[in-house]
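Encoded as structure tokens, the structure appears first; notes follow it.
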Amino acid sequence: MSSFNISISKGDEEKARKLARSSEDQHWYDVMRTLLMYEDFSMETLKRRQEHMNRLSERQSSALPPEFFTKLEKIGQGMKANLEFLTEVAAFYNHCTNGANGPPPKNDGVRIRSSEQHRNKAVLHSVGREWSKTGEAERNEAFLPMIEELKRRLPVNKNNAYIQRVLVPGCGVARLPVEVSAEGYAVEGNEYSAFMLMASNYVMNCIEKANSCRICPWVDSVCNVINTEDPYTPVSIPDRTANDIVAASPWIDCDADERAKVGYPRLGMAAGDFVELYGEGNLDAKGSFDAILTCFFIDTAPVVVDYVDTIWHLLKPGGVWINLGPLLYHWTTDTDNNGDDRYDHSIELSWEELKYVVEGKGFQLQSQQGQKGSGSKDADLADDQDKVQFLNCSYSRPHNQLMWTQYNALFFTAIKPTE
Ligand SMILES: C[S@@+](CC[C@H](N)C(=O)[O-])C[C@H]1O[C@@H](n2cnc3c(N)ncnc32)[C@H](O)[C@@H]1O
């Protein structure tokens with residue numbers, strides 16, 4: 001066996017410290033740094049817009065309302081609020097994992113590309129969707145029908161409270177798992193984005209008071225604005241704390257004897273890729289969930305067949321899969337140009353093809369009594385009858401704008417048969 005002796009000169013100590021960081025740790029470290037880089041990337045945007053303003057002729061300037069010239073300052077204040085939030089997110093994670101006070105230095109390591117700014121924006125958008133009062137209507141469009149369907153399929157009573165086990169893969173910043181847990185289920189949220197995980201960790205475990213934090217999630221949405229102040233009008237988060245939601249549950253004090261026998265918490269999070277974490281290679285996970293809720297998630301797979309197989313593997317016989325969302329397929333085009341090889345594997349199935357896969361696996365699509373689709377059912381779905389609904393849903397949309405995306409979201413319930 002050969003060994004390598006690496007001699008380290010004094011000046012190289014810093015380099016060695018970085019080398020010692022595992023690539024996993026380095027990833028999380030760089031995510032914290034990216035959150036902090038929100039400042040630099042936002043300043044670049046502001047600077048560019050200020051330059052455009054400076055290039056206005058006197059004639060053009062005199063035609064504009066006076067507020068136009070104070071707008072950038074207010075947008076800057078909105079960005080500052082976002083930066084404070086993202087810095088807190090990074091600092092809290094750094095504290096939880098490294099015991100550090102404050103976030104890491106943002107310039108310690110490889111340069112963070114400005115194209116990474118879209119991840120910071122995605123965090124702000126998701127927190128706005130999931131944890132603000134403004135996002136409530138949007139949450140209600142998607143989360144409520146899923147929760148109603150879950151309650152109808154697997155009713156909770158004082159003997160089974162927090163026993164029935166539900167998985168919510170791709171849970172973003174974790175509002176849906178929290179809401180489902182408050183309904184008396186033992187819930188595991190799963191998420192693979194370090195950005196989302198850090199943000200949900202901060203919102204759920206650090207913020208103690210409702211509405212105590214302010215962000216401007218849509219400060220960058222400068223087109224299609226109706227009221228000038230809309231993009232920089234802050235939203236308060238969280239509209240309710242995770243603790244308050246869970247504590248208000250009618251089942252909170254229901255500690256069924258059976259619970260002592262189960263080895264899972266009432267509410268937990270698992271970090272990692274859905275298929276890697278729970279796929280067929282994980283024998284312990286086989287048949288361990290009563291229900292799986294996929295909300296705006298299945299189209300995040302390069303090959304959705306892998307998700308269907310994993311869901312089948314995880315569900316108990318008789319288990320319930322409730323899905324709601326579009327088929328937008330995230331790995332279709334390499335917009336980041338970051339060379340991720342999932343872009344080289346993406347297949348884009350129609351609902352008809354996906355249904356073939358789902359039923360071919362053995363799932364039985366079942367009607368959702370009491371649920372009424374609000375979307376349009378243009379496709380010829382004669383043989384589906386009411387086994388699939390289409391619901392009008394939006395996703396992280398800025399409010400009060402001249403344009404937004406409305407999904408005709410696919411909503412179905414599939415049962416893994418007992419035989
Ligand atoms: C469109 S978002 C939906 C978030 C949330 N379910 C909602 O409805 O607000 C999809 C989420 O799935 C996560 N995700 C994508 N692929 C994943 C994977 N393979 N394993 C776990 N999470 C994944 C993304 O990071 C993202 O947070």
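Throughout, read-outs are computed from the coordinates displayed, never taken from laboratory work. Everything numeric in this text was worked out from a predicted model, so none of it was measured. Please note: Cβ atoms are built from the backbone with ideal geometry, for glycine as well, and neighbour counts cover all protein chains shown.
Values as computed for the structure displayed
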{"read-out": "Rounded if a/c under 1.5, otherwise prolate or oblate - segment 83-231, Cα gyration tensor axes", "value": "oblate"}
{"read-out": "The chain, helix-only ellipticity at 222 nm - DSSP H runs n ≥ 4, -39,500 (n - 2.57), divided by all residues, nearest 500", "value": "-12000 deg cm²/dmol"}
{"read-out": "Separation of alpha-carbon centers, segment 332-359 and segment 298-319, rounded to whole Å", "value": "15 Å"}
{"read-out": "Packing-based exposure ordering (other Cβ within 10 Å, fewest first) of 52, 313", "value": "52, 313"}
{"read-out": "Projected-area mean, segment 162-269, by convex hull of Cα positions, square nanometres", "value": "8.3 nm²"}
{"read-out": "Euclidean distance of C-alpha centroids, segment 187-205 and segment 393-419, integer Å", "value": "21 Å"}
{"read-out": "Residue 227 versus residue 158: modelled label distance in nm, points set 7 Å from Cα along the beta carbon direction", "value": "4.8 nm"}
{"read-out": "Within straight-line cross-link reach of residue 151, aspartates and glutamates at Cα separation under 18 Å, skipping those fewer than 8 residues along the same chain", "value": "141, 179, 183, 188, 290"}
{"read-out": "Segment 204-329, dipole about Cα centre (Lys/Arg Cβ +1, Asp/Glu Cβ -1), debye to the nearest 20", "value": "220 debye"}
{"read-out": "Among 249, 132, 394, residue whose mean-square fluctuation peaks in a GNM of the chain (springs only between Cα atoms under 10 Å)", "value": "249"}
{"read-out": "Cα gyration tensor shape of segment 139-178, rounded if a/c is under 1.5, else prolate or oblate by comparing a/b with b/c", "value": "oblate"}
{"read-out": "Charged-residue dipole, Cβ positions (Lys, Arg, Asp, Glu), the chain about Cα centre, Debye nearest 20", "value": "980 debye"}
{"read-out": "Cα convex hull volume per residue for segment 25-145 (Å³)", "value": "155 Å³"}
{"read-out": "Quotient of Cα Rg and 2.2 N^0.38 Å for the chain, N being how many residues it contains", "value": "1.08"}
{"read-out": "Options 219, 236, 283, ranked by Cα towards positive dipole end of segment 187-283, top entry (Cβ charges)", "value": "236"}
